Structure formats: structure tokens, C-alpha cells
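Written out below as C-alpha cells is the structure these notes cover.
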Amino acid sequence: METNRQSFNRVFFEYRILVYNLALHYVTNAEDAEEVTQDVFVKMHQSLHKFAEQSSIKTWIYRITVNCCLDFIKHKNSKKRFFIFGRKHDDEKQYAQLPDFEHPGIILENKETAKVLFAAISELTENQKTAFILSKVEGLGNQEISQVMELSISSVESLLFRAKKTLQDKLAVKFDEYSRKK
């Protein structure tokens, strides 16, 4: 019989890359993705005994990862707003600048295009962003996305449709501006 520690170790080694990659798609920064990954596995370790197996462990891990990513982004954005509206912080440069685009999977010559794409994705609503990333980046089907997000399949389809439409509109404007500069 497998102990809790053995179960956790098995889950960690099986899903650590999936968690890191999903976090990286949300935060687009390797250091932040590592922090989110660590948070995910801490939360999983604390609640592994509560896993009721009503969904697959992979779906459960996706749900925890998405929630940790969204929490991380909210926390980071609240620090930026505090700086803008409140007192200065010792590390004010960190909050005054927008995050750099540091996605390690993007080839250098595609970095500018990818930066525009990830910026547009980050402007989607939370649910649209989650559905889009799970579908187009992680390759999940609508059924699995509905389980991760705890929404109906028709809601997922609607979110994906709106996300694609919003991205098309935003990217058309961005690339039109880009082509005029050349």
C-alpha cells in the first residue's frame, strides 16, 4: 500500500512539467511560473487526502494550477495598483514596470509576435483566458475543460468563441499598427 508521501512523490514527478508549463502560459515568466508551480504542489500536498476522486487527478491538478495562477496574477496586480495609488515601496521599480516577456519556449525572432499574442491573451476575462489556454495551448477537449472549470460544455464553447473573437479583434488592431510602423 502506498503512503501519502509516496503518493505525493508519484504525482509530483508525473505532473510537475504539466503544472510548470501551464503556469508559464499564464504568467509568461519562468521565475513566476516556478513560484506558482511550488504553490500548486504545496496546496496539493496539503489537500491530497481530501481528493475524492470525483474527477481524474489530472483534472484536479489542472483546477488547482489554474486557481493558483489566477491568484498569483491578482496578487501581483494588486501590488502594482497599490504602488500607483499608494505609498512607494522599497522595490518600486518592480511595481512601476510592466512584466517582461520571458517565455523560454519562444524562439528569439518570434518573441515580438509572441509578446503581442500573450499580451492579448492576458487581457481576456479570467474564464475566457482559462478556457482558451486549456483548449489551444494545453490541447484539452471541451469535456475536460468543463470539468476543470466546473462549467457546462455549452458555457465552455461560448467562452472559447468569445475568446477567439476578442483575440481576433485585438490582434487585428495590433498587427495593423505594427505594419504601419514598418
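The values are calculated or read from the model by the stated rules, or taken from the named source; none is laboratory data. Note that the coordinates shown come from a computational prediction; the quantities given were computed from them, not determined experimentally. Every residue, glycine as well, gets a Cβ built from its backbone with ideal geometry; the counts of neighbours run over all protein chains shown.
Filter region 40-55 down to the residues that are among the small types (Gly, Ala, Ser) and without any contact (Cβ under 8 Å) to a residue 24 or more places away in the chain and list them by number.
Narrowing region 40-55 to residues among the small types (Gly, Ala, Ser): 47, 52, 55.
Passing the criteria: 47, 52.
Of (1) at pLDDT below 90; (2) surrounded by 14 or more Cβ atoms within 10 Å (Cβ to Cβ); (3) among the β-branched types (Val, Ile, Thr), residue 40 satisfies all except one. Which?
Failing condition for residue 40: (1).
Of the residues 54, 46, which is out of contact with any strand residue (DSSP E or B) (no Cβ under 7 Å at 6 or more places or on another chain), modelled with pLDDT of 80 or more and exposed (fewer than 11 other Cβ atoms within 10 Å of the Cβ)? Can you show your working first?
Details: 54 fails: modelled with pLDDT of 80 or more.
Only one candidate qualifies: 46.
Name the residues in region 113-146 that are of a type in the set (D, E, K, R) and in a helix (DSSP H, G or I), would you?
Residues of region 113-146 of a type in the set (D, E, K, R): 115, 123, 126, 129, 136, 138, 144.
115, 126, 129, 136, 144, listed by residue number.
When residues of region 21-35 are filtered for being surrounded by 19 or more Cβ atoms within 10 Å (Cβ to Cβ) and within 13 Å of residue 71 (Cα to Cα), how many remain?
5
Take region 131-182 and flag every residue that is under 21 Å from residue 61 (Cα atoms) and charged (D, E, K, R).
136, 138, 144, 150
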